[in-house]
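Below you'll find the structure, written out as structure tokens, and then a few comments.
The values are calculated or read from the model by the stated rules, or taken from the named source; none is laboratory data. Owing to the predicted nature of the structure, the values given are computational and were not obtained by experimental measurement. Here the Cβ positions follow ideal geometry from the backbone for every residue, glycine too, while neighbour counts run over all protein chains shown. Please note that ligands, DNA and RNA were not included when accessible areas were found on the heavy atoms of the full protein model with its side chains. Shrake-Rupley method; radii C 1.70, N 1.55, O 1.52, S 1.80 Å.
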2 protein chains.
Amino acid sequence: MDIYIKEQKGYASQIGHLVSQINYARKTTLDSIEGCTQEELDGLLSSDGNTIGALLLHMAAVEKGFQIEFFDGRNPNEVEMEEWGAAYGLGARGRKEIVGHPLSFYIERLHRVRQKTLTVLADKPDEWLYEECRWDGYPSNHYFIWFHVMEDEINHRGQIRLIRKALQQERKREA
Amino acid sequence: MDIYIKEQKGYASQIGHLVSQINYARKTTLDSIEGCTQEELDGLLSSDGNTIGALLLHMAAVEKGFQIEFFDGRNPNEVEMEEWGAAYGLGARGRKEIVGHPLSFYIERLHRVRQKTLTVLADKPDEWLYEECRWDGYPSNHYFIWFHVMEDEINHRGQIRLIRKALQQERKREA
């Protein structure tokens, strides 16, 4: 395994740096869920928490939302709101609607959304990263937006590690 | 609030990009612990988990460890092992030794260690980021090392958010 932050083949120089970061983050996400059981994907540590499955789908939903906003320059339509709304918002709706999917479902969603991001980034020049945009109402740039997609993923990967370990220990205590 | 990933005054171009990322990550860490009570800093969700206090000191310990390894080019000495060992390793020793500190203690440690990182980074040329080094035995570069410091912080910030919310909800249920 080589671990570098640097230019990446097929991308503009600065975009390659970003891609090497998001690729590394994704690898650690996939490592964190390797062999996850159905019980682990659907298990709650507390009645108002989020499941690992919901957090995984949330990662894909956040990325999908930013694609719609910053690649397509529009708001999500009704079909997209229906498909991704529960995962985007998490909480009660996520707990109710995101349940029973096998691990492969989440991995496929993450992969499919990410492929789109990488395809679009491959066509962008570095200047695009520095273009001004609004994030959550604040003045920002495209570089921050895609940094933030990764940053949100890492945040939730940390939670997934904690939840999975705690669920496994609960199970051991019950055995 | 302006949120950009871009060059930063006082740093070489590429190092500035990294600094804007680590500064943003740190801001979100400080936001996540604003007003944290002693009970929240020392509370455990499960007997084998980590406290918010231990996770905060861990962030500083990881950064301190990388400073020693990659800025100073040496191994930690006995005094440093004694001061930072519990926070670096977390687990049982962390639960035993890291307890009872006020929030200001953790913030001061985080700040002190970070100031050293920023001071050293301000003197480095961009080429230094691409110098080869070993990370956990793997071929890597300095860029990855300091990206990883941030990535580990974000991972634990995600856990802190989860732990704090769960502790607050436990307390509400008990009230």
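Each principal axis of the Cα atoms in the stretch B:1-77 has its own extent, and those three values, largest first, are 45, 40, 16 angstrom.
On the basis of the beta-carbon distance and an R0 of 25 Å, B:ALA92 and B:ALA175 show a calculated FRET efficiency of 0.25.
Rolling a 1.4 Å probe across all protein chains gives A:CYS133 an accessible area of roughly 20 Å².
When the residues A:MET150, A:MET81 are ordered by accessible surface, computed with a 1.4 Å probe over the protein chains alone, the sequence from largest down reads A:MET81, A:MET150. Extents of the protein assembly as shown, largest first, come to 59, 53, 38 Å (Cα atoms, principal axes, whole angstrom). For chain A, a Gaussian network of Cα nodes joined below 10 Å ranks A:GLY43, A:GLY73, A:GLY53 by mean-square fluctuation, and the top entry is A:GLY73. Membrane-span-like helices of chain B, defined as complete DSSP H segments with a Cα extent of 20 Å or more along the helix axis and a mean Kyte hydropathy of at least 0.5, are identified as B:52-66.
Counting Cβ atoms of other protein chains within 10 Å of each Cβ in A:124-135 and taking the mean gives 1. Measuring against 28 Å, Cα to Cα, the residue pairs A:LYS116/B:LYS9; B:LYS64/B:LYS172; A:LYS96/B:LYS165 contain A:LYS116/B:LYS9; B:LYS64/B:LYS172 as the ones spanning a longer distance.
Comparing B:VAL99, B:VAL19, B:VAL120 in a Gaussian network model of chain B (Cα springs below 10 Å), the most mobile by mean-square fluctuation is B:VAL120. Inter-chain Cβ neighbour count for A:143-156, averaged per residue, equals 5 (cutoff 10 Å, partner chain atoms only). Averaged over the residues of B:160-173, the number of partner chain Cβ atoms lying within 10 Å of the residue Cβ comes to 3.
Largest to smallest in accessible area, the residues B:ARG74, B:ARG173 fall in the order B:ARG173, B:ARG74 (1.4 Å probe, all protein chains included). The label-point distance for A:ASP123 and A:SER104, in a model that sets each label 7 Å from Cα toward Cβ, rounds to 3.1 nm. Our summary of shape: the Cα atoms of the stretch A:52-135 have principal axis extents of 43, 24, 20 Å, ordered from largest down, in whole angstrom.
For A:LEU129, B:LEU162, the ranking by accessible surface with the largest value first comes to B:LEU162, A:LEU129, using a 1.4 Å probe.
The figure for B:TYR24 is an accessible area of roughly 30 square angstrom, using a 1.4 Å probe on the protein chains alone. Put a plus charge on the Cβ of each Lys and Arg, a minus charge on the Cβ of each Asp and Glu, and nothing anywhere else: the dipole of chain B about its Cα centre is then about 580 debye. To the nearest 10, the accessible area of B:LYS6 is 90 Å² with a 1.4 Å probe. Across all Cα atoms of the stretch A:13-174, the radius of gyration (one decimal) and Dmax (whole number) stand at 16.5, 56 Å. GNM on chain A, alpha-carbon springs under 10 angstrom: the most fluctuating residue among A:ARG157, A:ARG26, A:ARG134 is A:ARG134.
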